[in-house]
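Asker: One structure, as structure tokens, below. Some questions next.
The values are calculated or read from the model by the stated rules, or taken from the named source; none is laboratory data. The model shown is predicted, which means the values in this text are computed figures rather than measured ones. Here the Cβ is made from the backbone with ideal geometry for all residues, glycine too, and neighbour counts use every protein chain on show. What goes into the accessible areas is simple: the full protein's heavy atoms, side chains included, and nothing from ligands, DNA or RNA. Shrake-Rupley method; radii C 1.70, N 1.55, O 1.52, S 1.80 Å.
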Amino acid sequence: MGHALPQPCFSIGNLNTPSKVARIALNNLFEIVPDAIFVTNAEGIICDANRQATEHFGYTHEQLVGMKVEELVPGRLRGRNPSHRENDQAHRRERQMGSGDGPFGLRRDGTEFPVDIMLKPIDSEIGPVVLSFVRDSSEQRAAQDAMRNRDQQMRSIVESVRDYAIFLLDREGYILTWSPGCECLTGYTAEDIIGKHFSRLFTHEDVERGHPAELLRLAGTRGRFEEEGWRVRKDESRFWADSVLTAIRDSSGKVTGYAKVTRDFTDRKRADEAVMLQLTSVLLASLDVGKLLGAISASLREVIPHDVATLGLYDPNSKSLVMQFLGLEEGEYRRGDIRLPVEGSASGEAFRTRGPVLLERIQNSPYAKESVRYLTELGMQSGCWVPLIHRGDAIGTLAVASRLEGAFVQRDAEMLAQVAGLVAVAVNNAITFRQIAELRDRLSLEKQYLEEEINLENQFDDIVGESNELRQVLKDIETVAPTHATVLIQGETGTGKELLARAIHRLSPRKERAFIKLNCAAIPAGLLESELFGHEKGAFTGAIARKIGRLELAHEGTLFLDEVGDLPLDLQPKLLRALQEREFERLGGTKPIKVNMRLIAASNRDLAKMVAEKQFRADLYYRLKVFPIEAPPLRERIGDIPVLVRHFVSLHSRHMGKNIETIPEDAMEALKRWNWPGNIRELENFLERAVILTHGPALYIPMKELESEEEDTGPSIETPTHEAAEREHILRALRYAKGSIAGANGAAARLGLKRTTLNSKIKKLGIARNDYIQSG
């Protein structure tokens, strides 16, 4: 026969609350707070509990009501609960969260979990009761335990590190903590140094110039500051230190202190100084690579005891390392013919991985015996290899070997790596100097040759030709260029008037300033004034901003007006005034703008005839014609055609990736006979097309374009199709080879094609044997 559970003896509504609304609010709060809430009477009987209490402890509400609260506490802790309750009832005190000594709760299934408890004694209609707020603190306890473990691990790490001095400073630089590594490095014990200023670890010179305070300032500003310098031990001895000072900040970002890590780099410092001294003396005395490598060997012996040192330089052609001994005996240098593969050798492993390779016993190494035979034959038992890295690229390896087993440790590998960085720079410099010397000698010979060949054209890089007519033009340019005189260049279309203008500018005192070009024929008349003089904002519809004109841009430089004969008549007076007064106004502007520029004008029209016909202002014409230069047409420069042909063929074949070695004589003669009404521009365009059509080492010329009966007309407007041009080109090659396709002198070789490719093209183009072999 079962027993009925006690009925709830308490509810929030029974409290002496000020109002009904307050009671409703408290009842709601009782159910929605995340903590378990119990109401217990003076005997510790649970009178009521919220939903969270049932979820936390695994009981139903009916099961909880009537239980003793001690039943929710693990048995090992129940003895303390009644005494606590009697004491709380006697003194009617509240108990806040976190004031206990780590209590635990007991679930119905017997599992325990850490809790935090707050107790609130209150009076009710049934007498004094206690509200117990129970919070599951499992996650909080786990986080605290993890933090304690991390702190303990960190302390263990700091205390176990003996090669580093790790300590904390306050904001002013006074030492707060001191690790065993600090004592090993400086000689100070914790009792000696804690509370003292960290400046006592610096030299007197550093302290006098305020260096310690400056370090704190830099670390506070940047967050972290690293430097190398001399430091002082307790016994006044000095050591070269690498130090990192890091600022520690609070949640608001304010610096509260500093963490300092220091390492003794004295050995590396001395090694660097010794090696640099050796290498510097050799570099200053000689650029000979052999002597340099000998000096490296001598320097290495002072840093790392060894019996043999080698240097391997990577050869990209053979994809192997060429090994060189740095000295088998004192002062001796010998270069071997030893080549080691990158794969399967200790040297190659260091080169490939860019990391050190240590072998305690070479005989038992995992590498091929052939790759270490050059060492074992000399009795070497152990070795250390490190990469040579210059500007991020591995260029080889540096190695030391010993007749003793296990002669090298990780510390030696680190030291050798430091030396290797200096060696890489020195070796690269020596090789570069040698290459520069070879290049200098070659350039000297080329300069001597070019000085014998170069004539007047050496001042005119873009002007090609050797004819007397061109020479006279270049002499005129040399005469007028140093002056500030206006120049008028006249000549037919395509004669290179702009090149002549640029040559005048390059030889003038204004060569360092701008060369501004304006083609008067290429710009609509309505926009030409704005382009030349510029305009102010709002000067006309569409002028939404100020525009700087070409005249203004050419200040202190040169203005080149091409096709000046097309300059509108109404604009010519304004240009004349700008030339005479050296000032002008922008379109829509009222302020005169001073300008100092040189004018070079060019035209393919007869300006004198235009003046006579009232098409060009006479005053402007005579102002432009201060120093006239006539650009000769190509038909008057027959001797320049071969030079121009070779120049343009070389230029366009290089751009198209073709290798054209010869120009047939009949083609050259045809080019020289042609009238070239379009002058140099027409010649260049014709030759560009010829290069496109050429498939072999000999330039193919579409001869039919040069066979017009009219002397004054150029190539036919109708360019032959590519297929017809290609057919004719192949026929000419077949005729030249007398029908032979294969072989060194066959048509395929002449055309730069494979034999099978040429046969395919012959079939495709319908070429028959009787098209190129005359029956006889």
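Asker: Only one of these conditions is not met by Ser467: (1) open to solvent by less than 30 Å² (accessible area, probe 1.4 Å); (2) modelled with pLDDT of 85 or more. Which number is it?
Answerer: Only one criterion is unmet by Ser467, namely (2).
Asker: Here is a follow-up. Which of the numbered conditions does Glu172 fail, given that it passes all the others? Conditions: (1) at pLDDT 70 or above; (2) surrounded by fewer than 12 Cβ atoms within 10 Å (Cβ to Cβ); (3) over 25 Å from Tyr188 (Cα atoms); (4) of a type outside the set (A, V, I, L, M, F, W, C).
Answerer: Status for Glu172: all satisfied but (3).
Asker: Let me ask something else about it. Of Arg442, Arg373, which residue is at pLDDT 85 or above and either more than 30 Å from His505 (Cα to Cα) or among the basic types (Lys, Arg) (or both)? Full working, then the answer.
Answerer: Values: Arg442 fails: at pLDDT 85 or above.
After applying the criteria, what remains is Arg373.
Asker: With crowded, with 18+ Cβ neighbours inside 10 Å, at pLDDT below 75 and more than 31 Å from the chain's Cα centre (by Cα) as the only criterion, which of Val308, Val232, Val303 stands out?
Answerer: On the way: Val308 fails: at pLDDT below 75; Val232 fails: at pLDDT below 75.
Going through Val308, Val232, Val303 in turn, just one is crowded, with 18+ Cβ neighbours inside 10 Å, at pLDDT below 75 and more than 31 Å from the chain's Cα centre (by Cα): Val303.
Asker: In addition: For the range 213-229, which residues satisfy the criterion of being of a type outside the set (Ser, Thr, Tyr) and surrounded by fewer than 18 Cβ atoms within 10 Å (Cβ to Cβ)?
Answerer: Ala213, Glu214, Arg217, Leu218, Gly220, Arg222, Gly223, Arg224, Glu226, Glu227, Glu228, Gly229
Asker: Let me spell it out: the conditions are (1) at pLDDT 85 or above; (2) assigned to a loop (DSSP other than H, G, I, E, B), and Leu131 meets all of them except one. Which number is the exception?
Answerer: The failed condition is (2).
Asker: Restricting the search to the range 33-76, which residues are in a loop (DSSP other than H, G, I, E, B) and either open to solvent by 10 Å² or more (accessible area, probe 1.4 Å) or of a type in the set (Phe, Trp, Tyr) (or both)?
Answerer: Going through the range 33-76, the residues in a loop (DSSP other than H, G, I, E, B) turn out to be 33-35, 41-44, 50, 58-60, 65-67, 73-74.
Correct list: Val33, Pro34, Asp35, Asn41, Ala42, Glu43, Gly58, Tyr59, Thr60, Gly66, Met67, Val73.
Asker: Okay, next question. Restricting to the range 546-558, name every residue that is hydrophobic (A, V, I, L, M, F, W, C) and open to solvent by less than 50 Å² (accessible area, probe 1.4 Å).
Answerer: Listed by number, the residues that qualify are Leu551, Ala554.
Asker: Cβ-Cβ distance below 7 Å, separation of 6 or more or different chains: which pairs start in the range 231-259 with a residue that is over 17 Å from Phe198 (Cβ atoms) and end on one that is assigned to a strand (DSSP E or B)?
Answerer: These pairs meet every condition: Trp240/Glu228; Trp240/Trp230; Arg249/Val255; Arg249/Thr256; Asp250/Thr256.
Asker: Within the range 630-660, restricting attention to residues that are open to solvent by 20 Å² or more (accessible area, probe 1.4 Å) and small (Gly, Ala, Ser), which residue is farthest from Glu682 (Cα to Cα)?
Answerer: In this case the residue turns out to be Gly657.
Asker: For residues in the range 684-706 being of a type outside the set (Ser, Thr, Tyr) and more than 45 Å from the chain's Cα centre (by Cα), which is most open to solvent (accessible area, probe 1.4 Å)?
Answerer: Lys704
Asker: Within the range 533-552, is even one residue of a type in the set (Val, Ile, Thr), at pLDDT below 90 and not in a loop (DSSP other than H, G, I, E, B)? I'd like the intermediate steps shown before the answer.
Answerer: Applying the first criterion (of a type in the set (Val, Ile, Thr)) to the range 533-552 yields 541, 544, 548.
Now drop any that are not at pLDDT below 90, which leaves 541, 544, 548.
Still in the list and also not in a loop (DSSP other than H, G, I, E, B): 548.
Checking the range 533-552: at least one residue is of a type in the set (Val, Ile, Thr), at pLDDT below 90 and not in a loop (DSSP other than H, G, I, E, B).
Asker: Next up: Consider Ser530 against the criteria (1) surrounded by fewer than 17 Cβ atoms within 10 Å (Cβ to Cβ); (2) outside any loop (DSSP other than H, G, I, E, B); (3) of a type in the set (Ser, Thr, Tyr): it satisfies all of them except one. Which criterion is unmet?
Answerer: Every listed condition holds for Ser530 apart from (1).
Asker: Checking the conditions here, which among Ala420, Ala394 is modelled with pLDDT of 80 or more, open to solvent by less than 40 Å² (accessible area, probe 1.4 Å) and in a strand (DSSP E or B)? Walk me through it before giving the result.
Answerer: Details: Ala420 fails: in a strand (DSSP E or B).
Just one listed residue meets the conditions, Ala394.
Asker: In this structure, does Asp606 turn out to be closer than 19 Å to Val473 by Cβ, of a type outside the set (S, T, N, Q) and exposed (fewer than 14 other Cβ atoms within 10 Å of the Cβ)?
Answerer: Yes; evaluated as a whole, the condition is true for this residue.
Asker: If you don't mind, there's one more thing I want to ask. Return the total of residues in the range 569-591 being without any contact (Cβ under 8 Å) to a residue 24 or more places away in the chain and open to solvent by less than 60 Å² (accessible area, probe 1.4 Å). I'd like the intermediate steps shown before the answer.
Answerer: Keep residues of the range 569-591 that are without any contact (Cβ under 8 Å) to a residue 24 or more places away in the chain, which gives 570, 577, 581-583, 590-591.
With the extra rule that they be open to solvent by less than 60 Å² (accessible area, probe 1.4 Å), the set shrinks to 583.
Number satisfying all stated conditions: 1.
Asker: Being exposed (fewer than 15 other Cβ atoms within 10 Å of the Cβ), within 19 Å of Leu168 (Cβ to Cβ) and free of Cβ contacts under 8 Å to residues at least 12 places away in the same chain is the filter here, so list the residues in the range 180-212 that pass it.
Answerer: Result: Thr189, Glu191.
Asker: For the range 703-762, name all the residues that are charged (D, E, K, R) and modelled with pLDDT under 75.
Answerer: First pass over the range 703-762, keeping only residues charged (D, E, K, R): 704-705, 707, 709-712, 718, 723, 726-728, 732, 735, 738, 750, 754-755, 761.
Hits for the range 703-762 are Glu705, Glu707, Glu709, Glu710, Glu711, Asp712, Glu718, Glu723, Glu726, Arg750, Lys754.
Asker: Counting only residues that are outside any strand (DSSP E or B), within 29 Å of the chain's Cα centre (by Cα) and over 17 Å from Ala413 (Cα atoms), which one in the range 311-357 is modelled with the lowest pLDDT? Working first, answer last.
Answerer: Residues of the range 311-357 that are outside any strand (DSSP E or B), as a first pass: 316-319, 326-333, 342-356.
From the residues that got through so far, the ones that are within 29 Å of the chain's Cα centre (by Cα) too are 316-317, 319, 342, 348-356.
Next cut, over 17 Å from Ala413 (Cα atoms) only: 316-317, 319, 342.
On the way: Pro316: 84, Asn317: 76, Lys319: 86, Val342: 88.
Ranking the qualifying residues of the range 311-357, first place goes to Asn317.
Asker: If Ser251 meets every condition in (1) small (Gly, Ala, Ser); (2) touching a Ser or Thr at 6+ places or on another chain (Cβ under 6 Å); (3) more than 16 Å from Ile166 (Cβ to Cβ) apart from one, which number is that one?
Answerer: Ser251 satisfies every listed condition except (2).
Asker: Cβ-Cβ distance below 9 Å, separation of 6 or more or different chains: which pairs start in the range 506-523 with a residue that is more than 29 Å from Pro568 (Cα to Cα) and hydroxyl-bearing (Ser, Thr, Tyr) and end on one that is open to solvent by 50 Å² or more (accessible area, probe 1.4 Å) and in a loop (DSSP other than H, G, I, E, B)?
Answerer: Ser508/Pro482; Ser508/Thr483; Ser508/His484
Asker: Being assigned to a helix (DSSP H, G or I) and either crowded, with 22+ Cβ neighbours inside 10 Å or without any contact (Cβ under 8 Å) to a residue 40 or more places away in the chain (or both) is the filter here; which residues of the range 397-413 pass it?
Answerer: Step one: filter the range 397-413 for residues assigned to a helix (DSSP H, G or I), giving 410-413.
Arg411 - this is the single residue of the range 397-413 that is assigned to a helix (DSSP H, G or I) and either crowded, with 22+ Cβ neighbours inside 10 Å or without any contact (Cβ under 8 Å) to a residue 40 or more places away in the chain (or both).
Asker: Restricting to the range 369-391, and then to whatever is under 41 Å from the mean Cα position of the chain (by Cα) and β-branched (Val, Ile, Thr), can you tell me which residue is surrounded by the most Cβ atoms within 10 Å (Cβ to Cβ)?
Answerer: Val386
Asker: Then there's this: Looking only at the range 608-665, how many residues end up being without any contact (Cβ under 8 Å) to a residue 40 or more places away in the chain and among the basic types (Lys, Arg)?
Answerer: 5
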